[in-house]
Every structure is written in structure tokens, then in C-alpha cells.
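Here the structure is laid out as C-alpha cells; the discussion comes afterwards.
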Amino acid sequence: MPDKTALPGRSYLYVPGHRDSRHERALHSGADDVILDLEDAVPAEAKEQARSACARLVATPGGPSRLWARVNSHPEHLAADLAAVVSPSLTGVWVPKAEPALLAEVDERLTALERDAGIPAGTTAVIALVETAVGVLRAEQLCQAPRVMRLGIGEADLAGELRLRPDDSSNQLHGVRLAVVLASAAAGLAPPVGPVEISVHDEDRLRASTTVLLRQGFRARTALHPRQVPVINDVFTPTSREVEEATALLAVLDEAQRRGQATAVDPAGRLVDPAVVRSAWEVLDRAR
């Protein structure tokens with residue numbers, strides 16, 4: 001099965017599956033992960049073209065980014081999508097509108113495809129994209145599904161189903177975001193992947209909305225354009241000052257424990273205890 005403790009990516013760049021001229025650029029965009037999109041970015045008449053283009057890419061991959069594919073959840077396309085992309089070079093698949101029954105079907109189909117291709121069973125990971133009311137209410141079950149190493153959230157589809165009209169800050173969806181973060185933490189998964197920022201030319205807005213996601217417990221987000229990748233990576237990477245502060249906190253508590261004390265006070269007068277140090281370790285883990 002996929003390693004659910006592996007260091008996860010910060011940026012997941014979507015690239016339309018049928019636009020093979022963009023695939024190479026995406027793989028060298030600086031994104032930690034690239035998602036070949038067979039779903040929303042591909043018109044109905046280009047689905048087969050997209051599968052063929054993606055199949056060629058996963059057969060001869062290149063570039064530093066890890067490679068994923070977002071498949072269609074509709075039964076009319078799901079089997080063909082998976083058959084086109086399953087390969088030793090594919091990290092995994094993004095499952096949109098993820099619900100327990102759909103994830104079980106995806107696992108079954110992936111197991112058969114891996115067997116036929118001679119790929120070790122369970123190699124292909126899954127990121128479950130929460131986009132439905134059922135997905136939100138059963139987020140804990142999504143986390144427990146086979147192959148799922150992370151949750152993502154798709155707020156456009158979700159807002160439509162919930163009949164919400166989000167403001168510019170998506171305040172109406174913050175409760176849903178917390179539910180996804182809670183389910184991920186309870187299951188021991190990597191923190192979830194936040195939604196896209198549709199204003200692809202507004203760097204200030206991207207930085208601000210990504211910072212909000214960071215504060216809300218997300219540690220990655222999807223991107224629509226390569227120009228968004230550097231900002232996303234920057235926000236989700238601890239600064240040198242944050243690393244220095246975290247290292248100093250660890251040293252303060254370590255010294256206190258050597259003296260037989262459970263807590264300490266740092267030079268700034270702040271209490272340092274195991275809970276504070278846990279956050280410091282998280283900063284250092286992300287800085288690796």
C-alpha cells in the first residue's frame with residue numbers, strides 16, 4: 001500500500017489531459033506534483049484523445065514532478081480512464097466526488113489493473129477529492145479507504161451542491177474545511193490539499209488565500225497555472241526565521257527536561273511545553 005507517512009507535496013498543478021503540448025512544461029514547472037486532468041478540463045468529445053495523450057506520457061515520463069491523474073467518477077468513463085493511466089511511473093489517481101462506494105470501486109479496479117500490468121499490488125495511491133455533501137459527512141470513512149493517502153477539497157462543486165454562495169474569502173466553506181482537516185488528522189493522514197485559486201493572474205490574492213489555508217491546517221493546494229506554483233510552494237515552506245524559532249524552542253525544552261522540568265520559559269517569556277514543541281517539530285518536518 002502507499003506510504004501514508006511519506007513527505008507530501010505542497011503544490012499540485014492541474015494540466016488538461018488532451019493538451020499534450022502543455023504536459024512537458026507542467027512537469028518542469030517547479031510543482032511538487034502534476035495532475036493529468038481527465039475530468040473537468042477535458043470536453044466530452046476529447047476524452048479519448050486525453051486518455052491517449054496521458055497514456056503516452058506515463059509510458060515515457062520525464063521531469064522532476066510526481067505524476068498523478070484525475071479520473072472521471074462517472075461509470076461511463078472511470079474504467080477507461082484508469083486503464084489508460086495505471087503505470088509504474090504514476091504515483092496515483094485523484095478521485096473526484098469521492099464517496100466510500102466509489103473509492104471501493106476504484107480500489108477494486110486498480111488492483112486488477114496492477115495485477116495485469118505486473119505492478120505490485122497497492123502501489124497506486126489515491127487522493128480523495130471531497131466535493132459532495134456525502135463526502136463531507138463521511139470524511140472519516142474516506143480517510144480509512146484503501147490507498148487513500150490524503151484528502152483534497154473541491155469547493156466549486158461542493159458550493160453548488162450545498163447551494164452556497166461563497167464570498168471572496170469563501171467564509172461559508174470554512175466549516176467544511178475544518179471537517180476535512182479534522183478527519184485527516186484523526187486518521188493520521190497528511191494534512192489535506194486546499195482548493196484552487198481561480199484568479200490566476202492575481203499573485204497577492206493567491207498568497208493571501210494560500211496563507212489562510214495554511215492557518216486552517218492545509219499544507220498544500222492545487223494550481224491551475226504554472227505561474228501559481230512558486231507562490232504556493234513559498235507559502236507552504238517554513239521561512240528561515242520560523243526554522244530558527246522552532247529549533248530554539250526545542251533546545252529550550254530539551255534543556256529543561258535535562259534539569260528534570262516538564263516545561264520552561266523561553267527568553268521572550270513564553271511558556272514552552274510538549275504541545276508547543278509539537279508545533280515546532282511540524283515546522284521542521286516541512287522544512288526538510
Problem set entry | Antiparallel DSSP beta bridges within the chain, as percent of all bridges there, nearest 5 | 5 percent
Exercise. Taking neighbour Cβ counts within 10 Å as the exposure measure, how do 89, 209 sort from fewest upward?
Worked result: 89, 209
For this session: Based on other C-beta atoms within 10 Å, arrange 214, 36, 13 from fewest to most.
Result: 214, 13, 36
Exercise. Per-residue HN-Hα couplings for the range 83-92, Karplus 6.51 cos²θ - 1.76 cosθ + 1.60 at θ = phi - 60°, whole Hz, x for Gly and Pro?
Worked result: 4, 6, 10, 4, 6, x, 8, 8, 5, x
Problem set entry | Amide H within-cut-off set for residue 153, under 5 Å, with H built and near neighbours excluded | 130, 193
Exercise. Ranked highest first by average number of other Cβ atoms within 10 Å, how do 53-62, 15-24 line up?
Worked result: 15-24, 53-62
Problem set entry | 33, 234 arranged by Cβ crowding within 10 Å, fewest neighbours leading | 234, 33
Problem set entry | Check: the range 240-286 dipole with +1 on Lys, Arg Cβ and -1 on Asp, Glu Cβ, in debye | 120 debye
Problem set entry | Extension gain from residue 198 to residue 240, taking 0.36 nm per residue of separation minus the Cα-Cα distance | 12.2 nm
For this session: Starting at the first residue of the range 199-211, write each ³J(HN,Hα) from the Karplus equation 6.51 cos²θ - 1.76 cosθ + 1.60 with θ = phi - 60°, in whole Hz, x for Gly and Pro.
Result: 7, 6, 9, 9, 5, 5, 5, 4, 5, 5, 5, 5, 5
Problem set entry | Among 223-230, 235-242, 165-172, the order from most to least packed when residues are scored by Cβ within 10 Å on average | 223-230, 235-242, 165-172
Seminar exercise, completed: Dividing the helical contributions, -39500 (n - 2.57) per DSSP H run of n ≥ 4, by the residues of the chain yields a 222 nm value, nearest 500 deg cm²/dmol, of -14000 deg cm²/dmol
Seminar exercise, completed: For mean projected area of the Cα convex hull in nm² the list reads (i) 14.2; (ii) 14.9; (iii) 16.6; the calculated value is entry (iii)
Exercise. Can you pull out the trypsin sites (Lys or Arg not before Pro) in the range 70-164 that DSSP calls coil and that have at most 16 other Cβ atoms within 10 Å?
Worked result: 163
Exercise. Taking +1 at the Cβ of each Lys and Arg and -1 at the Cβ of each Asp and Glu, which of 271, 199, 240 sits farthest along the dipole of the range 194-276 towards its positive end, judged by Cα position relative to the Cα centre?
Worked result: 199
Exercise. How large is ³J(HN,Hα) for each residue in the range 277-288, as worked out from phi by the Karplus curve 6.51 cos²θ - 1.76 cosθ + 1.60 (θ = phi - 60°), to whole Hz, x for Gly and Pro?
Worked result: 5, 4, 5, 5, 4, 5, 4, 5, 4, 6, 7, 5
Exercise. What's log10 of I(q)/I(0) for the range 184-288 at q = 0.16 Å⁻¹, Debye sum over Cα points only, no solvent?
Worked result: -0.78
For this session: Would you mind getting the Kirkwood hydrodynamic radius of the range 240-286 from its Cα pairs, rounded to one decimal in Å?
Result: 10.5 Å
Exercise. Whose amide H sits under 5 Å from the amide H of residue 97, counting only residues 5 or more places off or on another chain, with H placed in the peptide plane?
Worked result: 129, 131
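None of the figures in this text is laboratory data; all of them are computed from the coordinates on show. Fair warning: this is a prediction, and the values are worked out from it, not measured in the lab. Counting neighbours? That spans all protein chains shown, and the Cβs are built from the backbone with ideal geometry, glycine included.
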